[in-house]
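To start, the structure itself, in structure tokens.
The values are calculated or read from the model by the stated rules, or taken from the named source; none is laboratory data. All values reported here derive from a predicted model rather than from experimental measurement. Note: ideal-geometry Cβ built from the backbone for every residue, glycine included; neighbour counts use all protein chains shown. In case anyone asks, the SASA skips ligands and DNA or RNA and just uses the protein heavy atoms, side chains included. Shrake-Rupley method; radii C 1.70, N 1.55, O 1.52, S 1.80 Å.
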Protein chains: 4
Amino acid sequence: MRAARLHEYGKPLRIDDVPAPRPGPGQVVVRVAGAGFCHSDLHVIDGELRILPRLPLTLGHENAGFVAAVGAGVRSVREGDAVAVFGGWGCGRCRHCTTGVEQLCDRPEWVGLSSWDGGYAELLLVPAERHLVKLSTLAPREAAPLTDAALTPYRAIRKALPALAPDDTALVIGLGGLGQYGLKLLRLLGGCRVIAVDVAPDKRETARALGADSVLDGRDPELLKKVLDLTRGLGVGAALDFVGSDATLATAIGATRTHGKVVQVGLAGGTARMKALESVRFEASFEVSLWGTVQELREVVALVESGRLAPIATEYVPLERIDEVYARLKAGRVEGRIVVTP
Amino acid sequence: MRAARLHEYGKPLRIDDVPAPRPGPGQVVVRVAGAGFCHSDLHVIDGELRILPRLPLTLGHENAGFVAAVGAGVRSVREGDAVAVFGGWGCGRCRHCTTGVEQLCDRPEWVGLSSWDGGYAELLLVPAERHLVKLSTLAPREAAPLTDAALTPYRAIRKALPALAPDDTALVIGLGGLGQYGLKLLRLLGGCRVIAVDVAPDKRETARALGADSVLDGRDPELLKKVLDLTRGLGVGAALDFVGSDATLATAIGATRTHGKVVQVGLAGGTARMKALESVRFEASFEVSLWGTVQELREVVALVESGRLAPIATEYVPLERIDEVYARLKAGRVEGRIVVTP
Amino acid sequence: MRAARLHEYGKPLRIDDVPAPRPGPGQVVVRVAGAGFCHSDLHVIDGELRILPRLPLTLGHENAGFVAAVGAGVRSVREGDAVAVFGGWGCGRCRHCTTGVEQLCDRPEWVGLSSWDGGYAELLLVPAERHLVKLSTLAPREAAPLTDAALTPYRAIRKALPALAPDDTALVIGLGGLGQYGLKLLRLLGGCRVIAVDVAPDKRETARALGADSVLDGRDPELLKKVLDLTRGLGVGAALDFVGSDATLATAIGATRTHGKVVQVGLAGGTARMKALESVRFEASFEVSLWGTVQELREVVALVESGRLAPIATEYVPLERIDEVYARLKAGRVEGRIVVTP
Amino acid sequence: MRAARLHEYGKPLRIDDVPAPRPGPGQVVVRVAGAGFCHSDLHVIDGELRILPRLPLTLGHENAGFVAAVGAGVRSVREGDAVAVFGGWGCGRCRHCTTGVEQLCDRPEWVGLSSWDGGYAELLLVPAERHLVKLSTLAPREAAPLTDAALTPYRAIRKALPALAPDDTALVIGLGGLGQYGLKLLRLLGGCRVIAVDVAPDKRETARALGADSVLDGRDPELLKKVLDLTRGLGVGAALDFVGSDATLATAIGATRTHGKVVQVGLAGGTARMKALESVRFEASFEVSLWGTVQELREVVALVESGRLAPIATEYVPLERIDEVYARLKAGRVEGRIVVTP
């Protein structure tokens, strides 16, 4: 079968002909209908994140498709089932895996980012049926980006919601794909007001369209002051930073009220600096939220299948043109999400 | 000033001329713009709930109005401010009062239900400014029913939400005023599906209009089976029983899934019966939720003032006609809520 | 190998010679060093709990031993490792299993209580390595009863602790094996006072020795009044009912304060009756706690291995004399716990 | 009456004769039996923390004594009652004050650190009876340091406990007065192992005596590596930093496991730096814990009165010699806590 594999950091992916996987006991092979191309793949391909245990490796961690074959003992899915693939695979045995936060496993085996090949291929070997979320009405290729682009903000927002009562305000920094899902989910599950911040005018336009109560320019030198003014000086209940640079983290921390929450979403490279009585208010907490759990993925899929959450704009591109996807994402010329269709 | 007072259980309220209250240190007098007439007032007047420490007493615990006078040391409000009055007054010193659940005080001093006179009067003496929630845009008489009819379901739903993920289902039994607010709030703050149950066809119609996903007849002998069928036999994440009879409690308990929550809303007279391996699933919990906190009232007011929560139908009736209100409520001839306007 | 199997409800177990199990992929065979004989086995043998999907079946759900063989792909244990066996097996894929509460699985596959044979046998087939907790210093036969007799109260107490601040009181009803562990764990992890209740004088003596602050006779007609007097009329923060009869549940509910917790431990046959304003105080909750999770078992083992929690008295009896164990347990002639050593 | 007042930053306190306070409505005057001299007083006196709204001001925020007079309407205490004084006074009306975290009030009115005079005086005016915790058996001057030196670590440890299961490890950095209480409370309420770190040999000795499982030298260049080695490389469940310098915060953050908690206790001047994938593990959170609540003070007092928590070494010095206390604390020549007895 065909698979887009990384052979060397800094070099383009290569479309190879590789043996088709066959499911061992308890395993499932999925025919990939869509594999979302994620920003973090850029960092891996470019060699900024040299976390892969072997090369060549097939990338792709936002996957969905149809069950193609099941191994011995598999009971919950059968051939032909439409499924989204939870990607934060772990060892299955440790404290994190057995308490429901498998994506936090100390020995992560994330699909397409560990020794397990990912979804930029015709077939994907899934090591355990517990990673599959059955789809009822949603087409798998539409579901693919939910497994990260929607799941990651969903988990972050669930962490923030206890600090976001209806008389509170949320701050969302960065309105790319994840930030847009973040804003949508806040509108759906939180009763609070929302301030959205982005440096790009079109993203600010999108934020307005998605229902942000106030929209500010990330380049405004008065940004922090304006956020505080919008909350009568008290600060926001929670700040969700989807950018994660030194500067955005400083804004997020400075804008958060006493007893509030600062949540950095994803693994960007900035440093959060917190100094009592100066940069951070009384008992405001900071945390980096990481991806999501398979149960949270079920919840995201349910929101979309019930019609309450509309997916963001998605474009579909055949596996053969994956280089082009890389180039466009690198150049920032992507509206919403691109899904590779092998 | 005029006040509608209960002189004897089982007798109608009497409109008396009583001395106007004057605020002591830290106290506030509110000119009542509206006082919601609550179902529990019926039980008190009829003598079914003989909880009043003295008679005559002015009833009315759903109040809002304008600040008429402030006592020494009051800082957060001034004459003319529009305010909703939190009614679950407590001693202010005990464990419950100092941890934010003053309505649960072991020595309750609830307005209009303790030695403190209530809001069926021109003026209302509020013993501490912490009980007041300032209104920005909402007219006080519109805000009055929020202090109980919306606050009580808000607290109950907040308790249930952790068991109501978007892939879950909520069961709402009883679509009177509180149940309608409950359904609205679930639609607003929860991502789950909602099954609504009522014995009355018009209430079922209202439930459909408010967005219930399924609506069932409370008299249907197959009711429990139908609820379970709608959840593939697993049961609902949370059941909110706004009726609280033996029968509705049995349905609520029987319909709730493993690890789910049964919440009885308010103080109705049924008995919840829970027997392991029979009437209740593994680790499903039961609780009677009681009224709400002043912070929760701020949150309810914020939801209404931001336009996200529309108040249910409300009718305004002058204090002089309070007997008529009693009669109509008794006869069940009330759509939504009646507010007395002294 | 030898295995004590139930062939017919109401008949004694029979020691059969059965084929030794061999581990499939991902599975582990454990040489049983000890299998605790649990009270619930009595109810199963006697046919009061007819929950077994097939007969004959090897009972025994409190197991520990040494790894005898591992199937393909098993990585976390190897032959000879000393292990305790978590017994609340589930499907491994559903909401409960993937969020860390596998013992609550809607399709339970509990060891020795489902189609899986239990530990009253020389060898035990464990279907997944995630069910094993490695032992460092503890002898497996000593660890066996921890997997239920200590784990079940541990989970129950963890649920109760948020309602048991140091200025609060806990009520423990029933000082059998589980109740004794409950009392020990409260002393270890809670700062609160403890009232212990039992009908048997020797159990009350044990409670005193284990550090209960007050000890009351379960047959005392003034029992509830005495508990309330010990808490200045306010009630206890949490009541843990290890008996679960109608009468003990009524005491537990009646004794619990506003905002407190009533936890029934295990699956006894009483009915909890809760009626607002009568039998239950404001916002006191009720729940039946069920067994525990594998992570909680790790925690219990850690408490024992660190020397902080001393196991209760344990007696060891060879598999051949399992009938005698049944008879003594039935007659109530057991101090602490009996472990069968195959 | 005599009061030790700060007239100018950087100058010693001056013992002045000032008018005795008289209680207004709802207020209480306490005859001070003891007022703990806290390290933060040093920073205020030296002018490093210029937070006082007026000078001269009587310092002293760790107070206990006997009720000397009560204002109109006070019901819960009477003349002669022994009381500890909760010091984190707030406005009493805002979100923080009405949800039980008054010490976090956005307009703090902390005793001895705001416009309210503190306890380095014969009499202390307490603005509301809700700030008083009645003592049953404890002598007030012994109770004084509990109101901060024990309360502050108590709150911090309560925040950390959910991340400190019995199979986890806690890291305590800094074994001064607060750190010693922290260690004692971890031993009392947590089942986890404890690693204690201090730069001073005698403090390390104290840590051993108080039951730390491992004790490390804060100056050890291998410190972080050693902590990680003690946790098989995984890191501690929670790190409690009682020092709060850049260096100790870096150790605390670096030592904390995935999903763990870093809690800085108190308002020291270091900066916490958290960078995803580098200095901080997946979903480890950071927070500065601040003082405690009046309910938490009740819980601390209950722990001491029940004999479960022994106060740390305390020395009593008359008000006249308060300068000497300042000098000794400044020179670091204090074992445990010094209480001024006016």
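Out of curiosity, is B:Ala4 more than 14 Å from every other protein chain (Cβ to nearest Cβ), aliphatic (A, V, I, L, M) and surrounded by fewer than 16 Cβ atoms within 10 Å (Cβ to Cβ)? Steps first, answer last, please.
Working: more than 14 Å from every other protein chain (Cβ to nearest Cβ): yes; aliphatic (A, V, I, L, M): yes; surrounded by fewer than 16 Cβ atoms within 10 Å (Cβ to Cβ): no.
Against the criterion (more than 14 Å from every other protein chain (Cβ to nearest Cβ), aliphatic (A, V, I, L, M) and surrounded by fewer than 16 Cβ atoms within 10 Å (Cβ to Cβ)), B:Ala4 does not qualify.
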Of those in segment A:86-98 that are more than 18 Å from A:Pro25 (Cα to Cα) and more than 8 Å from every other protein chain (Cβ to nearest Cβ), the residue surrounded by the fewest Cβ atoms within 10 Å (Cβ to Cβ) is A:Cys94
Test: D:Arg298 is at negative phi, open to solvent by less than 50 Å² (accessible area, probe 1.4 Å) and charged (D, E, K, R)
yes
Tell me, which strands (runs of 3 or more DSSP E) wholly within segment A:271-318 include 1 or more residues that are under 26 Å from D:Leu277 (Cβ atoms)?
A:271-275, A:285-289
Please list, ordered by first then second residue, the pairs with beta carbon atoms under 7 Å, 6 or more apart or interchain, first in segment B:234-253 and in contact (Cβ under 8 Å) with a residue 12 or more places away in the chain, second open to solvent by 20 Å² or more (accessible area, probe 1.4 Å) and assigned to a helix (DSSP H, G or I).
B:Gly235/B:Leu228; B:Asp241/B:Thr248; B:Phe242/B:Leu178; B:Thr251/B:Leu224
Which of (1) touching a Leu at 6+ places or on another chain (Cβ under 8 Å); (2) under 30 Å from B:Arg281 (Cβ atoms) does C:Gly176 not meet, given it meets every other one?
(1)
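Going through C:Glu299, C:Glu283 one at a time, which residue ends up being in contact with a strand residue (DSSP E or B) (Cβ under 9 Å, 6 or more places away or on another chain) and among the charged types (D, E, K, R)?
Details: C:Glu299 fails: in contact with a strand residue (DSSP E or B) (Cβ under 9 Å, 6 or more places away or on another chain).
After applying the criteria, what remains is C:Glu283.
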Which of the residues that make up segment B:17-46 are open to solvent by less than 20 Å² (accessible area, probe 1.4 Å) and outside any loop (DSSP other than H, G, I, E, B)?
B:Val28, B:Val29, B:Val30, B:Val32, B:Gly34, B:Ala35, B:Gly36, B:Asp41, B:Leu42, B:Val44, B:Ile45
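Could you please give the count of residues in segment D:273-309 that are aromatic (Phe, Trp, Tyr), more than 7 Å from every other protein chain (Cβ to nearest Cβ) and farther than 18 Å from D:Pro153 by Cβ? Give the steps one after another, and end with the answer.
Residues of segment D:273-309 that are aromatic (Phe, Trp, Tyr), as a first pass: D:282, D:286, D:291.
Those still in the list that are more than 7 Å from every other protein chain (Cβ to nearest Cβ) too: D:291.
Right, trim to farther than 18 Å from D:Pro153 by Cβ and you get none.
Number satisfying all stated conditions: 0.
Suppose we keep only residues that are buried (at least 24 other Cβ atoms within 10 Å of the Cβ) and either under 16 Å from the mean Cα position of the chain (by Cα) or hydrophobic (A, V, I, L, M, F, W, C) (or both) within segment B:260-269. Which one would you say is farthest from C:Arg273 (Cα to Cα)? Before the answer, list the steps.
First, the residues of segment B:260-269 that are buried (at least 24 other Cβ atoms within 10 Å of the Cβ): B:260-265.
This time we only want the ones that are either under 16 Å from the mean Cα position of the chain (by Cα) or hydrophobic (A, V, I, L, M, F, W, C) (or both), so: B:262-265.
On the way: B:Val262: 14, B:Val263: 15, B:Gln264: 13, B:Val265: 17 Å.
Going through the qualifying residues, I end up with B:Val265.
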Among residues of segment C:99-143, those that are in a loop (DSSP other than H, G, I, E, B), open to solvent by less than 20 Å² (accessible area, probe 1.4 Å) and polar (S, T, N, Q), counted
1
Candidates B:Lys134, B:Lys159, filtered to the one that is within 14 Å of chain A (Cβ to nearest Cβ), within 30 Å of B:Arg75 (Cβ to Cβ) and out of contact with any helix residue (DSSP H, G or I) (no Cβ under 8 Å at 6 or more places or on another chain)
B:Lys134
Residue pairs within 9 Å by beta carbon, gap of at least six or interchain, first lying in segment A:59-82 and touching a residue at least 40 places away in the same chain (Cβ under 8 Å) and of a type in the set (Phe, Trp, Tyr), second part of a loop (DSSP other than H, G, I, E, B) and surrounded by fewer than 19 Cβ atoms within 10 Å (Cβ to Cβ), listed first then second, are A:Phe66/A:Glu79; A:Phe66/A:Gly80; A:Phe66/A:Asp81
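Got at least one residue in segment C:181-204 being more than 20 Å from the chain's Cα centre (by Cα), of a type in the set (Lys, Arg), within 12 Å of another protein chain (Cβ to nearest Cβ) and more than 30 Å from A:Glu299 (Cα to Cα)? Let's see the steps before the verdict.
From segment C:181-204, those more than 20 Å from the chain's Cα centre (by Cα) are C:191-195, C:199-202, C:204; that's our starting set.
Still in the running and of a type in the set (Lys, Arg): C:193, C:204.
Checking which are within 12 Å of another protein chain (Cβ to nearest Cβ) leaves us with C:193.
Subset that is more than 30 Å from A:Glu299 (Cα to Cα): C:193.
Yes; the residues of segment C:181-204 include at least one that is more than 20 Å from the chain's Cα centre (by Cα), of a type in the set (Lys, Arg), within 12 Å of another protein chain (Cβ to nearest Cβ) and more than 30 Å from A:Glu299 (Cα to Cα).
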Of the residues A:Gly332, A:Gly336, A:Gly266, which is touching a His at 6+ places or on another chain (Cβ under 9 Å) and modelled with pLDDT under 95?
A:Gly266
Can you name the residue in segment B:243-272 that is within 11 Å of another protein chain (Cβ to nearest Cβ) and of a type in the set (Val, Ile, Thr) and, of all such residues, is nearest to C:Val101 (Cα to Cα)?
B:Thr258
Against the definition (among the aliphatic types (A, V, I, L, M) and either modelled with pLDDT under 95 or open to solvent by less than 10 Å² (accessible area, probe 1.4 Å) (or both)), how does A:Ala200 come out, yes or no?
no
For segment B:99-117, pairs from a residue that is within 14 Å of chain D (Cβ to nearest Cβ) and among the hydroxyl-bearing types (Ser, Thr, Tyr) to a residue that is open to solvent by 30 Å² or more (accessible area, probe 1.4 Å) and assigned to a loop (DSSP other than H, G, I, E, B), with Cβ under 9 Å and 6 or more apart or across chains, are B:Thr99/D:Thr99; B:Ser115/B:Pro53; B:Ser115/B:Arg54; B:Ser115/B:Glu109
By residue number, the members of segment A:281-295 that are open to solvent by 10 Å² or more (accessible area, probe 1.4 Å) and over 23 Å from the mean Cα position of the chain (by Cα) are A:Arg281, A:Phe282
Any idea which residue in segment D:312-333 is nearest to the other protein chains (Cβ to nearest Cβ), counting only those that are buried (at least 18 other Cβ atoms within 10 Å of the Cβ) and under 13 Å from D:Tyr181 (Cβ atoms)?
D:Ile312
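Out of C:Ala250, C:Ala272, I need the residue that is surrounded by fewer than 23 Cβ atoms within 10 Å (Cβ to Cβ), over 23 Å from C:Leu189 (Cβ atoms) and over 20 Å from the mean Cα position of the chain (by Cα). Which one? Please lay out each step first, then the result.
On the way: C:Ala272 fails: surrounded by fewer than 23 Cβ atoms within 10 Å (Cβ to Cβ).
Residue meeting the stated conditions: C:Ala250.
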